[in-house]
Amino acid sequence: MTEPLLSTRVNATVAKIRSRLGGLTPTVGLVLGSGLGAFADGLENAAILPYGELPGFPVSRVVGHAGRLVVGALGPGGNGPICAAMQGRVHYYEGHDLAAVTFPIRVLVALGCRTLIVTNAAGGVNRALHPGQLVLLSDHLNLFGASPLRGDNDERLGPRFPDMTHAYAPELRVLARRVALRLGIDLAEGVYAGLSGPAYETPAEVRMLATLGADTCGMSTVPEVIVASHMGARVLGISCVTNMAAGITGEKLSHDEVTETATRVRGEFVALLAGILGELAAEDR
Ligand code: HPA
């Protein structure tokens, strides 16, 4: 039997999610990176859908990546836009191929999330950054050595050769900068280099990334943004610099440092996201 079209599989999962939402249609998709999963707990009267119940959603084996879709509006009173928040994502380094890694993004966009907010923990490549700094993504470098769009193109989802000129929507960056200024949050802006991992980069690789024009680097986000662009969604990306990339301070990198910094900055990150969602709701009205 031939494999069903990607769009057919996406639509089947969308139908399954809709059947659980009782008429609720999310307009904003959220991918919550390391340390940010708790943001979804602030969504009111939320529908909670474990990835294991959603056909095609890859399930993470990484500790601390809960793996569930939480759909609801941000309080108080739930007057923000209806969000579909991914609490946990799977990474390419876990062994899933990029089509599987990005399948949930396709489902969110097809569900009605024309705006996607992606967050991540990242290493700081630009020496002007510091651990704890939030960075608005202006663009990316795809250094995975692969694309989630490789293979037959399903024209129902998007074009064979999607444009990536405004992959990180300029108007959403303006909105995010405005919110950060109002809240007194220091928000830098820069280019994210996405690599396959799971080893952190070598110091020589980090010097290469700086030469290539990267400001931050990490092991996620880029495939998700390519797929969202393919489907015509607008994307906002924010990194939390959890550590300076290898070789910059001379200290060794550790996953503990990454999670500690992500946890320390969580309050500020959550406030920024809430502020951005508030403005998106105002935009809808
Ligand atoms: N490199 C790659 N991914 C990361 C890093 C890093 O230094 N920090 C957090 N995620």
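When the charge dipole of the range 99-170 is built from unit charges on Cβ atoms (+1 for Lys and Arg, -1 for Asp and Glu) and taken about the Cα centre, the candidate among 130, 159, 119 whose Cα reaches farthest toward its positive end is 130. Against the compact-protein benchmark of 2.2 N^0.38 Å, the Cα-based radius of gyration of the range 225-272 scales to 1.54. Taking the accessible area of the range 6-284, probe 1.4 Å, and keeping the other protein chains in place, the carbon and sulfur fraction comes to 53%.
Computed over all pairs of different Cα atoms, the Kirkwood value for the hydrodynamic radius of the chain is 18.9 Å. Separation of the range 148-162 and the range 253-277, taken as the distance between their Cα centroids, equals 34 angstrom. Based on every Cα atom in the range 1-126, Rg and the maximum pairwise Cα distance Dmax equal 14.5, 50 Å.
Peptide packing: for 97-105, 176-184, 250-258, the average count of neighbouring Cβ atoms within 10 Å per residue gives the ranking 97-105, 176-184, 250-258, highest mean first.
About its Cα centre, the dipole of the chain is roughly 480 debye, where the only charges are +1 on Lys and Arg Cβ and -1 on Asp and Glu Cβ.
With kT/(6 pi eta Rh) evaluated at 4 °C and eta = 1.567 mPa s, and Rh the Kirkwood radius from Cα pairs, the range 176-275 diffuses with a coefficient of 85 µm²/s according to Stokes-Einstein. Summing +1 for each Lys or Arg and -1 for each Asp or Glu among the other residues whose beta-carbon sits under 10 angstrom from that of residue 191 gives -3. Projected over every direction and averaged, the convex hull enclosing the alpha-carbon atoms of the range 186-240 yields 4.5 nm². In a reduced charge model with +1 at each Lys and Arg Cβ and -1 at each Asp and Glu Cβ, the range 89-239 shows a dipole moment near 420 debye about its Cα centre. Heavy atoms of the protein chains alone define the surface here; on that basis the chain has 44 Å² accessible area per residue at 1.4 Å probe size.
The values are calculated or read from the model by the stated rules, or taken from the named source; none is laboratory data. This one's a predicted model, so the numbers in the text were calculated from it and none came from an experiment. Ideal geometry is used to build each Cβ from the backbone, glycine not excepted, and the neighbour counts take in all protein chains shown. Ligands, DNA and RNA are excluded from the accessible area calculation, which covers all protein heavy atoms including side chains. Shrake-Rupley method; radii C 1.70, N 1.55, O 1.52, S 1.80 Å.
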